[in-house]
1. Based on alpha-carbon positions alone, could you give the equivalent ellipsoid semi-axes of region 65-123 from the gyration tensor, as √(5λ), descending, whole Å?
2. Rank these residues by their accessible area, most exposed first, probe 1.4 Å: 218, 341.
3. Set Lys and Arg Cβ to +1 and Asp and Glu Cβ to -1, take the dipole of region 155-267 about its Cα centre, and tell me which of 235, 265, 168 lies farthest positive.
4. Suppose we keep just the DSSP beta bridges with both residues in the chain; what percent of those would be antiparallel, to 5?
5. Okay, helix-only estimate at 222 nm for the chain: each DSSP H run of n ≥ 4 adds -39500 (n - 2.57), divide by all residues, round to 500 deg cm²/dmol; what do you get?
6. What's the lysine pair count for region 10-117 at a Cα cut-off below 17 Å, pairs eight or more apart or interchain?
7. Rounded, prolate or oblate for region 250-299? Axes are the square roots of the Cα gyration tensor eigenvalues, ordered a ≥ b ≥ c, and the cut-off for rounded is a/c under 1.5.
8. Taking the Cα centre of the chain as origin, work out the dipole magnitude from +1 charges on Lys and Arg Cβ and -1 charges on Asp and Glu Cβ, in debye rounded to 20.
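The values are calculated or read from the model by the stated rules, or taken from the named source; none is laboratory data. As the structure is a computational prediction, the values presented were derived from the model and not from experiment. Counting neighbours? That spans all protein chains shown, and the Cβs are built from the backbone with ideal geometry, glycine included. Surface accessibility is based on the protein's heavy atoms, side chains included, excluding ligands, DNA and RNA. Shrake-Rupley method; radii C 1.70, N 1.55, O 1.52, S 1.80 Å.
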Amino acid sequence: MRFEPIITSLLTTDAYKLSMGQAIYHQFPGDETAWTFKCRNKDVHFSNPMVQEIKKQIKAYCGLRFTEDELAYLSKIKWMKRSYIDFLRLWRPNFNDFDIQYNPASLTGLSLETHGTWLNTSMYEIPVLAIVNEVYFRMKYDYDDLLQDYKIRLDAKLQMLRDNNRIIGNFSEFGLRRRLSGEAQDHLIHNLKEFNEETRYPTKLSHCVGTSNVYLAKKYGMVPTGTQAHEWIMCVGQGNHKHNPAYSNWYAMEHWVKEYGILNGTALTDTITTDCFLRDFQLTYATLFSGVRHDSGNPYEWGEKFVKHYTELGIDPKTKTLLFSDSLDFDKADRLYAHFKDKAKVAFGIGTYLSNDTFAEPLNIVMKVTECNGMPVAKVSDTPGKGMCKDPAYVDYLERSIKWRMEHEE
């Protein structure tokens, strides 16, 4: 059988990998990180042939380079700087950074880690997850049956929006990391582009404002969407051994503003709990960032906290965006839009529901940074169990640091 590479362009990544990558290049080029793969599904096992195919696909990915056409496209994005574009012209993934093993004794069978500079390892996360997903579904199921079922379900979703039974507001497609396949996501963005053209003028209908997949954004003339991920707060705030990790958000926002000035986009709030984030999200940062993103915890309680917080700071919440992105479907988005539409700008990032909805259970897989500069890093989100750290003692230290700050700082 002829080998077919899954990743054929280095643009096949989420946009926030480039926005973070640029800031890493300018401010933290020497930082070292380690990343670990985890599958949260029960009863999912990667066979040895699957693991060998994943290894082969990652090796093929490591042979890619940015083309001049791709770099010309990136140079037109207003927040991309010439110095980082020049770096990307020279950059290449390094297969030696990967440790990929079949481990029959483990629950999932797949052991996958990366070690190297943050500049490199950060870029691996999204393509690796896309590869793992596609290999699994192609080798576990009848892929043609899956794809057919996927297309039928997508048609039904878009027809529901056309019939105006749902008014969910603007949304972005965030499904690259857990997509069924590259073919399925391409079909999705093609159809979302057509849907936008059909519903351009009736303002009561929903609209897809972009996709996180930079390659497909380029291909279909859509906006590449995304700002920052948990790794930014974890590494900037916890990777420096002199920092008190309870102030991770302050350090992260300070360095982000240093890089982007007024072009800050959306702040991620739940890396060390939203309540702790609010301590640092005062007038300067609340003004400079266009909004905030929800990724764990009760979305209604979270949204009300920020409406109240903006109001207390003297900022009209209606000028700021509440971006919801935690395990959304159109029904959840519809209810959130109805609740908050008169209180703030409301937007959604929708992933697996759009990119991998079939008769087969989607994979809940992650690739998380677990060390920075030889020190453990961790996430303490608003939903227990979403974090991942190899050192329980560090998680205990981080939680105690947050607790002390919340109880003693005025």
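1. Values: eigenvalues 223, 24, 21 Å².
Ellipsoid semi-axes (Å, largest first): 33, 11, 10.
2. Details: 218 65, 341 95 Å².
These residues rank, largest area first, as 341, 218.
3. Farthest towards the positive end: 235.
4. On the way: 20 of 41 bridges.
In the chain, DSSP labels about 50 percent of beta bridges as antiparallel.
5. Rounded to the nearest 500, the figure is -14500 deg cm²/dmol.
6. On the way: 17/76; 17/78; 17/81; 38/55.
The result is 4.
7. Values: a/c = 1.97, a/b = 1.66, b/c = 1.19.
Taking the square roots of the gyration eigenvalues as a ≥ b ≥ c, region 250-299 is prolate.
8. Details: 50 positive and 53 negative charges, 130 e Å.
With Lys and Arg at +1 and Asp and Glu at -1, about 620 debye.
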